[in-house]
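Each remark here refers to the structure printed beneath this line.
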Amino acid sequence: MGETGQRPAGRKALTAPKKDKAELSAAELIDTRIRELGDWRAETLSHIRALIHEAVPDVEETWKWRGVPVWEKHGILCTGETYKDKVKLTFAKGATLEDPTRLFNASLDGNMRRAIDLMAGDSLNAAAFKTLIRAAASLNTGKKKK
């Protein structure tokens, strides 16, 4: 830059090249989703993500099915789908998990999955949720390898 603090004519600022979505890591894609939502769903998804990382620090974040954040530890723990009216946390093996605090409030009729639907203004029992995430991780870790 010159003495005036302005860039000489014809010179472009150096910026990092933007990555194509196909080049982004799952964590970067989740970050992008949260930024794009920009409303209560973003806050909810961000909060859930933090709780999952607190409960299972070595959890793996993945991105599946054309845009669904997924948290895994030796298999899927839960997904974080966002809709206009809710954030849906689907536990792949939720039907086999104990839920004494009754966090599960959706997909209750299935043989495998259970879900937690969070609407605007809903609160989540953080301690119970982390216990559920840890139980899902333990269930996956305990399965026999083929």
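Observations on the structure shown:
- Extension gain for Leu24 to Arg134 (0.36 nm times residue separation, less C-alpha to C-alpha distance): 36.8 nm.
- Probe 1.4 Å, protein heavy atoms only - accessible area per residue of region 80-146 in square angstrom: 63 Å²
- The share of accessible area on region 76-146 that comes from carbon and sulfur is 50 percent, using a 1.4 angstrom probe.
- Environment charge of Ala106, counting only residues whose C-beta is closer than 14 Å and scoring Lys/Arg +1, Asp/Glu -1: -1
- In this calculation the C-beta distance from Ser123 to Ala42 is compared with R0 = 22 Å, giving a FRET efficiency of 0.85.
- Rounded to the nearest 10 Å², the accessible area of Leu139 at probe 1.4 Å: 60 Å²
- Gyration tensor verdict on region 25-146 (Cα atoms; rounded if a/c is under 1.5, prolate if a/b is larger than b/c, oblate otherwise): oblate
- The aspartates and glutamates within cross-link reach of Lys130, meaning a Cα-to-Cα straight distance under 15 Å and a gap of 8 or more places when in the same chain, are Glu54, Asp58, Glu72, Glu98, Asp99.
- Sparse packing (at most 13 other Cβ atoms within 10 Å of the Cβ) combined with a DSSP loop state is found for the following GluC sites (Glu not before Pro) in region 26-109: Glu98.
- A DSSP coil position with no more than 14 other Cβ atoms inside 10 Å describes the following chymotrypsin sites (Phe, Trp or Tyr not before Pro) in region 58-103: Trp65, Tyr83.
- For trypsin sites (Lys or Arg not before Pro), the sites in region 61-135 that DSSP calls loop and that have at most 16 other Cβ atoms within 10 Å are Arg66, Lys84, Arg102.
The values are calculated or read from the model by the stated rules, or taken from the named source; none is laboratory data. It should be emphasised that the depicted structure is a prediction, and the values quoted were computed from it without experimental measurement. Neighbour counts run over all protein chains shown; Cβ positions are idealised from the backbone, glycine included. Just the protein is used for accessible areas: all its heavy atoms, side chains included, with ligands, DNA and RNA removed. Shrake-Rupley method; radii C 1.70, N 1.55, O 1.52, S 1.80 Å.
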